[in-house]
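Structure record follows, encoded as structure tokens.
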Amino acid sequence: MYFVYILQSQKFNRFYIGVTSDIEKRLNKHNLKGNRSTAPYKPWEIIYSESYSNKHDAYKREYYLKDPKGYLEKRKIIEDNKKHGEIA
């Protein structure tokens, strides 16, 4: 099982989209080490995830959400989570 996830920085108005097979382990990695694009904005929390049975479909979805074509859908996901009180 693979997951496409959206993280939100708890200190900044920043979001990050990624793919992993172990979502909790990946979140911990973002919060402990981070990488060039996530380390400055720690700590992170998962605000959304989708599961996929194979890696190819998960990466295809991640690419779409990061692409300008998927921008409106990504914004809708974030706004829907805000409306339900899941993110600030």
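Farthest toward the positive end of the dipole of the chain, out of P40, I78, Y2, is the Cα of P40, where the dipole comes from beta carbon charges about the Cα centre. The modelled label-to-label distance for the pair K76/N28, using points 7 Å beyond Cα in the direction of Cβ, is 3.5 nm. With θ taken as phi - 60° and the Karplus curve 6.51 cos²θ - 1.76 cosθ + 1.60 applied, the whole-hertz 3J(HN,Hα) list for the range 10-21 is 7, 10, 10, 7, 10, 10, 9, 10, x, 10, 7, 9 Hz, x standing for glycine and proline.
Each label was represented as a point 7 Å from its Cα along the Cα-to-Cβ direction; for K66 and S37 these points are 0.4 nm apart. For the chain, a crude dipole built from +1 on the beta carbon of Lys and Arg and -1 on the beta carbon of Asp and Glu, taken about the Cα centre, is about 380 debye to the nearest 20. Among the listed options (1) 7.4; (2) 13.6; (3) 5.6, the one matching mean projected area of the Cα convex hull in nm² as calculated from these coordinates is (3). Residues H30, H56, arranged from fewest to most other Cβ atoms within 10 angstrom of their Cβ, appear as H56, H30.
Each stretch of four or more DSSP H residues adds -39500 (n - 2.57); spread over every residue of the chain, this sum gives -12000 deg cm²/dmol at 222 nm. For the range 49-58, the Karplus equation 6.51 cos²θ - 1.76 cosθ + 1.60, evaluated at θ = phi - 60°, returns couplings of 8, 10, 9, 9, 7, 9, 5, 4, 5, 5 Hz by residue, with Gly and Pro reported as x. Pairs of lysine residues in the chain that meet both criteria, 8 or more places apart or on different chains and Cα atoms under 13 Å apart, total 7. Label positions at Q10 and S49, each projected 7 Å from the Cα along the C-beta direction, are separated by 1.7 nm.
Each reported figure results from applying straightforward, stated rules to the coordinates on display, with no laboratory input. These numbers were taken from a predicted model, which means no experiment stands behind them. When we count neighbours, we look across all protein chains shown, and the Cβ atoms used for this are built from the backbone with ideal geometry, even at glycine.
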